[in-house]
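To start, the structure under review is shown below, and the notes come after it.
The values are calculated or read from the model by the stated rules, or taken from the named source; none is laboratory data. Just so it is clear, the model here is predicted, and its values are computed rather than measured. Note that each Cβ is placed from the backbone with ideal geometry, even for glycine, and that neighbours are counted across all protein chains shown.
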DNA sequence: GTCTATATAATGATAGAC
DNA sequence: GTCTATCATTATATAGAC
């Protein structure tokens, strides 16, 4: 088996080590407050060496965001593809997975997508709004669950907003308390969500 | 009636005009990404003139934060002082007021307290953590409401975290949708909260 | 790809005239 | 209290040797 480029220096490619260092720093200090020198220092290289892997600082941010949202969006795709599930079951599973990830992931990186400087930088670079994608996923499942439950009196869009607030609100809780217990909170959030849609 | 200092230039003191300009800019661009020059430009003065009113940039932030949290913390004090109310009623009113303020306030300024650069700057300047104060207020009311309802099987601290997430989650919703309708969302959130505690 | 050296630009803050 | 002028620092990014 030939040695890949990814095996150099601790088995991860320099590019991936940059992304991981940036993930931690962006999460804990914010994007604008993190300098390219901070990132390079943590990786163990010189600041200009970053530019062998990324054209500009914002390109590092794009990769961090991408790797953050992929798991949850992938799960949504899987849940929708599984036709044996009801919308209510799909919603329950997505909520529980999402809350666990938000609580127990290595860094509170989901906050990044809400930082003003990131959103402004994002617009300037035309990067994908994964947060909006995920919101649409919730919207589909909440509408479906309300329909299944015959809750025709409920406003599906208002319910979607409240459900999504409840889940993503965990991001803010984690800012004040970095050691959230996903195993305890995920079922509690799931039950609160189910109480709204059935 | 003698003219006050606050009457100069549009009836608001220069200091207050700086605070209001900074509130908008910090809310829309973030703290680190807002320069003192940005603030001065919006006020219509030169950048060094800011330093006649504030010793350092972070002192402007302290004032912005103070004016943001004061109304909600004041309401909590009022609700607790009113002995004719049950804990459940106090919680319902606090939630509804809070959500309306988060949705309909002129700027999404509550996000500020969650920005990493603000929290780090805050620690360095020893500024008060109003977000934590407010959380304790919710904790008191959620515990009281669960006790009143005889919900001895519920975990009050978990419920507090979920309730607070639901309310503050509106901050994140507003990032994606700046035109939230507090009149529609506040009752929906209130009912979701009440479903958890009674 | 990483390094040293450096360009270029912007930032927070100060000094001192008015 | 506001101004002009300016300082000291720090930031992103580039050039070119190895």
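Worth a mention:
- Residue match in the range A:131-142 (condition: facing another protein chain (nearest Cβ under 9 Å) and without any contact (Cβ under 8 Å) to a residue 12 or more places away in the chain): yes
- Boolean, residue B:39 is part of a loop (DSSP other than H, G, I, E, B), buried (at least 17 other Cβ atoms within 10 Å of the Cβ) and within 16 Å of DNA strand C (Cβ to nearest atom): no
- Evaluation of residue B:73 against (1) under 25 Å from residue B:175 (Cα atoms); (2) more than 21 Å from the chain's Cα centre (by Cα) (one fails), failing number: (2)
- Selected residue (only one of B:159, B:147 is under 24 Å from residue A:95 (Cβ atoms) and part of a helix (DSSP H, G or I)): B:159
Residues are listed down the side, and each one gets a yes or a no for (1) at pLDDT below 95; (2) more than 9 Å from DNA strand D (Cβ to nearest atom); (3) more than 14 Å from chain A (Cβ to nearest Cβ):
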residue	(1), (2), (3)
B:20	no, yes, yes
B:31	no, yes, no
B:37	no, yes, yes
B:43	no, no, yes
B:47	no, no, yes
B:61	no, yes, no
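- When restricted to residues that are crowded, with 18+ Cβ neighbours inside 10 Å and not in a helix (DSSP H, G or I), the range B:54-95 contains 1.
- Scoring residue B:89 on the criteria (1) more than 12 Å from chain A (Cβ to nearest Cβ); (2) at pLDDT below 95 leaves a single failure, condition (2).
- Residue in the range A:98-105 that is part of a helix (DSSP H, G or I) and over 14 Å from residue A:171 (Cβ atoms) present: no
- Qualifying residue in the range B:110-123 (condition: within 12 Å of chain A (Cβ to nearest Cβ), crowded, with 17+ Cβ neighbours inside 10 Å, touching a residue at least 24 places away in the same chain (Cβ under 8 Å) and over 24 Å from residue B:74 (Cα atoms)): yes
- Residues in the range A:153-176 that are more than 8 Å from chain B (Cβ to nearest Cβ) and more than 17 Å from the chain's Cα centre (by Cα) were compared, and the one that is nearest to residue B:135 (Cα to Cα) is A:160.
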